[in-house]
């Protein structure tokens, strides 16, 4: 099946037994690359709204090996994870001063209607100062989403000062020591040869 470009999978439905299926791998890859959280699957003549429950990849080639889909009720909220994208990084005062921004939390656990789940949650960190920490509680989250993570404990990003580099004086000193040792060794070898000649 995989040699023919089709990917095996399992559809978990509401009130139905899990159902095996296969899908064109390129079509699935294109749909997921487009960032759609909600997909429409045609199965036995019916169109079923689903989300990706799990996906497995080949450890070497990286391609899909299996996918699990979950049928959803468009009128009932579900729990899911969405990626976090940062904006305003270059405008943050700490970055302008040469600081290094660390994107700590890259996914949020949310609850929402399937049609309201975004491709990503965008968070503006343009106010971040040096040695600053941006918490989830400071972010503006769309009202249609209920965030399940603790807003006061979830760190979105931190901004640390640039790492100081030690002065090169120590390196020069080490070079001199190594040079002296090499000269002494060379003189010792020269002395041995002279003694052997006599």
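Derivation of every value follows stated rules applied to the coordinates shown; laboratory data play no part. Worth saying up front: this structure is predicted, and the values here are computed from it rather than measured. Counting neighbours? That spans all protein chains shown, and the Cβs are built from the backbone with ideal geometry, glycine included.
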Any idea what the relative contact order of segment 78-160 is, in percent, if you count C-alpha pairs under 8 Å spaced at least 6 apart?
-> 40 percent
Along the principal axes of its C-alpha atoms, what lengths does segment 66-162 span, in descending order and rounded to whole Å?
-> 49, 31, 21
Neighbour-count order for 58, 66, fewest beta carbons within 10 angstrom listed first | 58, 66
Ellipsoid semi-axes in whole angstrom, largest first, where each is sqrt(5λ) of the Cα gyration tensor of segment 1-82 = 21, 15, 12
Relative contact order, percent, segment 6-71 [alpha-carbon distance under 8 Å, six or more residues apart] | 36 percent
In this structure, the FRET efficiency calculated for residue 89 and residue 115 from their beta-carbon separation, with R0 = 41 Å, to the nearest 0.05, is 0.85
Quick one: 21, 64, fewest Cβ neighbours within 10 Å first, how do they rank?
-> 21, 64
Would you mind calculating the gained length between residue 126 and residue 104 on full extension (0.36 nm times residue separation, minus the Cα-Cα distance), in nm to one decimal?
-> 6.4 nm
